[in-house]
Amino acid sequence: MSDSPDVFNYTKKELPSNFIKFGYAAFVVGLVLVVLSLFVDNVRSAFSGVMLLMFVASIGVGSLFWIVAEYLSGAVWSTPFRRVAEFLGAVLLVLPIIALPAYFNMHDIFHWTHEEVVKTDHYLSAKAPYLNVSFFTIRTIVFIAIWVLFYFLITRNSKLQDSTKDQNLTRKNIKLSAVFVPLFALSITFFAIDWLMSLEPHWFSTIFGVYYFSGTVLAALAAITYIVVTLSEKGYFFQGVKEDHYYSFGALLFGFVNFWAYIAFSQFLLIWYANLPEETIWYLQRWEGYWMYFSIGLIIIHFVVPYFGLLAQPSKMSPKRLKFMSLWILFAHFYDVMWITMPTYQEFGYIPGWIELGYAIFAIGLILVIFNWKAGKENLVPIGDPKLKRGINFRL
Amino acid sequence: MSSIDYTQELPVVEGRPTLKEINELIARPLDQKPDKKFYIALSITVSMLLIGAIALGFTFYYGVGLWGNNNPVGWGFPIVNFVFWVGIGHAGTLISAILFLFRQRWRNGIARFAEGMTIFAVMTAGLFPLIHVGRPWLAGYLIPYPNQHSLWVDFNSPLLWDVFAVSTYFTVSFIFWYVGLIPDFASLRDRATSKVKKIIYSIFSLGWRHSNRHWTHYEMVYLVLAGFATPLVLSVHTIVSFDFAVSILPGWHATIFPPYFVAGAVFSGFAMVQNVLIFIRKIFNYEKIITLDTLERMNKIILLTGSMVGYAYAMEFFTAWYSGVQPEQFTFINRAFGPYAWAYWIMVSCNVLFPQLFWIRKIRRTIPVMFVIAVLVNVGMWFERFVITVTSLHRDFLPSSWAYFKPTIVDLAILLGSFGFFFTWILLFTKTLPVVSIAEIKAVNEGAQPSHGEH
């Protein structure tokens, strides 16, 4: 066994110092801008807060999804890098904190919280059993609790395996993952309906949960890919992270870029074609004034560029291209969330300003600080995982 | 067997057969004369086919008035059957192309049959639009070309997109299937003893010599074709879903239709592959190349896609309520509790409830039980299309024109005939071509892969 050239002797290393410094810097700068924005433009800041929540939730629950997907599909190529997803998933723990400010601005963000409006509006009063502040709050708490619970259970087993090397822990995690999948599907759907679809409370689309899901898993995958490629170039995983591993990340990213486009296009085409006013309003809003350019931008940024950027086989294997495209896709997801959220704030025209920028920087800082905190405490590689050796030796 | 060793890969092929043994095992059904059982099976399917043909003859002679279609329910059995068979035709390329791109090696035992099934199912599906146009000899006008009558198709209609999508899908699936067969034709040629067979296999093997250069080209072509086939698989059923979803009819117009139809198609297609392969592996003694593990994996996919379909049902219901739009709400309540409640609950129980039994490992690995569940899945998926088509139409916006759709004997005979048509092709396929890819099984045989000193 030990004569294999790729055999892995893991010794824990500190993360690169500039990686850590960058995380802290972004966190501090972002935090200053966020706090400042609360005093300058409270409402705009609240909407940006929704964006922050949805973006960070994407990274957190999306990472959890990829962990679960690995266990369920029996994949081995991703096992050596699973810890990256596990560390990123830790951002789930701060979701309650970043969701909290929205509760002080419910009236500004959510139209359906105005009782006097709901009373006179037939549609909103019909929805009131679902769209009311107390049920909304309960749902948000339950969803985040489910995510945190499964995150905790699954990563605890994974961590325990580092020392015990017990295969039963893998078995347990597979079972937990199977239970998690239906809960995940429902929770992410209704989380998206609550926080994004209900911003325009009259509008509805059956595919909306899938739409948010497609962006979520793509963004989380991009975050994982970026960190994996960056750290593995510096030799943090094992010698011989090969093109085969990179290619798997690249191909998966490419696949999910297409999946997002497919879902987004399906939603758009069906609404455009049927031309029912109660549905088209959502797209019409995004075609007013500056929003038109913003919408065209979404197609280019979220689909055209990553599609061609990852289409060719060599580009799926090139570390440089992968790093660039992952950052691009993360930006695209933030842009997407902005495209969904902000038209409710400014109907006719909108130019992103320093407040949104501040929140974006804060999101990056927050995610990195949490990642670095976890990476400082735990092994970067699941050294006790029975699939690790197969993962290291993985060839296409 | 309950404890899997995760440090080792599960073998796809059991028993480490030699290359010659693989050749012989897979080619044996082609060498033997068909036995009595085969002729009994064939006579049953051909009889079904003929019943359908007679019903079609009546239809063309007397017209589509022989069907149950009535005024609000203008779309009846033909579209239901069309969507059903296109759905069956879905899993083939999914198993072949998408699982290939995902490097799922267990697909190699089932891919060939699934591809063949795709082709026959799409052929079966293709009959229905032709029948439904009433005068099939004029169907050539579906293809847009400048003509003396200045007749042009409506490019805005998803029904026309269907023509393009299905024919493209059929073409690419056929090429994909044939390219995969080339190395096998060569293997068959090399071992053929009869002169006629040798000539036929030689022609179809296109001069294949199993040389390294041939394989290099082959692998590249196969990968590219898989890349082409993948978006086509998705586009076909997406466009089929557009047939319904672009309308404004409650029950048809839902933005979730495209992924929901794709998941449903994969679901029913896998169930059909599983059903037929259970027979094939038993009759041809393929238990070691189509292993119980492979069947279990298929059952897991059936569970997953069945639950996705269940998710779509739930979202449709929730959104109908959430939208506050009265016709939407009426349609869904009518679906579940109206005159077609029986069809709706058949659909829900077969598609969502019974597949949940696959959560239990023992059931995933018990052949008679999984067979019954997969049969139910296909019953359920046929009823899903029936529910979508008929229940959305039968009580339209004007209560005075509400009516109940009842299929006539001609409708049922044509449906029966479609099964006859499909299974006749399947039976002929099993005796004329290798239903499992010889080359691909060799590639996943234990010891075929380069390893790092583990053996």
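When only alpha carbons are used to place a centre, region A:273-298 and region B:97-165 end up 33 Å from one another. Look at the dipole of region A:17-392 built from charges on Cβ: of A:TRP272, A:ILE97, A:THR230, the Cα furthest out on the positive end belongs to A:THR230. Each residue of region B:384-393 was assigned a 3J(HN,Hα) from its phi angle through the Karplus curve 6.51 cos²θ - 1.76 cosθ + 1.60 (θ = phi - 60°); the sequence is 4, 5, 5, 5, 4, 5, 7, 5, 6, 8 Hz, with glycine and proline shown as x.
Taken along the Cα-to-beta-carbon direction at a fixed 7 Å, the label points for B:PHE371 and A:TYR283 span 4.9 nm. Using a Förster distance of 41 Å, how high is the FRET efficiency between B:THR171 and A:PHE104, based on the Cβ-Cβ distance and rounded to 0.05? With R0 = 41 Å, the Cβ-Cβ based efficiency is 0.10. Against chain B, whose longest principal axis comes from its Cα atoms, helix B:36-62 is set at around 30 degrees.
Listed by chain and number, the aspartates and glutamates whose C-alpha is less than 12 Å from the C-alpha of A:LYS242, apart from same-chain residues fewer than 8 away, are A:ASP6, A:GLU233. Pairs from the list A:LYS175/A:LYS387; A:LYS387/B:LYS20; B:LYS20/B:LYS197; B:LYS37/B:LYS431 with a Cα-Cα gap above 21 Å: A:LYS387/B:LYS20.
Each peptide among A:31-41, B:256-266 gets the average number of other Cβ atoms lying within 10 Å of its residues, and from highest to lowest they stand as B:256-266, A:31-41. The calculated 222 nm mean residue ellipticity attributable to helices in chain B amounts to -22000 deg cm²/dmol, summing -39500 (n - 2.57) over DSSP H runs of n ≥ 4 and dividing by all residues.
Couplings 3J(HN,Hα) of region A:127-139, computed from phi: 8, 3, x, 9, 8, 9, 4, 5, 5, 4, 5, 4, 4 Hz, in residue order, whole Hz [Karplus 6.51 cos²θ - 1.76 cosθ + 1.60, θ = phi - 60°; x for Gly and Pro]. Between the Cα long axis of helix B:195-204 and the first principal axis of chain B there is an angle of about 60°, rounded to the nearest 10. How many nm separate the modelled label positions at B:LEU138 and A:ALA145, each set 7 Å beyond the Cα in the direction of the Cβ? Going from the B:LEU138 label point to the A:ALA145 one covers 6.5 nm. Using the Cβ-Cβ distance between A:HIS114 and A:ALA312 with R0 set to 30 Å, the FRET efficiency from 1/(1 + (r/R0)^6) comes to roughly 0.05. Rounded to the nearest Hz, the phi-derived 3J(HN,Hα) couplings of region A:249-259 under the Karplus curve 6.51 cos²θ - 1.76 cosθ + 1.60 (θ = phi - 60°) are 4, x, 5, 5, 4, 4, x, 7, 4, 5, 4, where x marks glycine and proline. Partner shielding of B:297-306 amounts to 1, given as the average count of beta-carbon atoms from other chains within 10 Å of each residue beta-carbon. The angle separating the long axis of helix A:319-341 from the principal Cα axis of greatest extent in chain A is about 20 degrees. Straight-line cross-link partners of B:LYS198 among the aspartates and glutamates, defined as a Cα under 18 Å from its Cα and at least 8 positions apart when in the same chain: B:GLU24, B:ASP31, B:ASP184, B:ASP190. Once the Cβ-Cβ distance of A:SER125 and B:ALA336 is raised to the sixth power relative to R0 = 25 Å, the FRET efficiency obtained is 0.55. Taking other C-beta atoms within 10 angstrom as a stand-in for reagent exposure, A:GLU378, B:GLU9 fall in the order B:GLU9, A:GLU378, fewest first. Sorted fewest first by neighbouring Cβ atoms within 10 angstrom, B:ILE88, B:ILE438, B:ILE182 come out as B:ILE182, B:ILE438, B:ILE88. Taken as Cα centroids, region A:157-171 and region A:89-110 sit 34 Å apart, rounded to the nearest whole angstrom. Per residue of B:310-319, other chain Cβ atoms within 10 Å of the residue Cβ number 4 on average. Here the gap between B:GLU219 and B:ASP154, fully extended at 0.36 nm per residue and compared with their Cα-Cα distance, gives a gain of 19.4 nm. Computed from label points 7 Å out along Cα-Cβ, the spacing between A:TYR345 and A:LEU327 is 2.4 nm.
Read-outs throughout are calculated quantities, based only on the coordinates presented, and are distinct from any laboratory measurement. All figures in this text were calculated on a predicted structure; none of them were measured in a lab. Backbone-built Cβ (ideal geometry, glycine too); neighbour counts: all protein chains shown.
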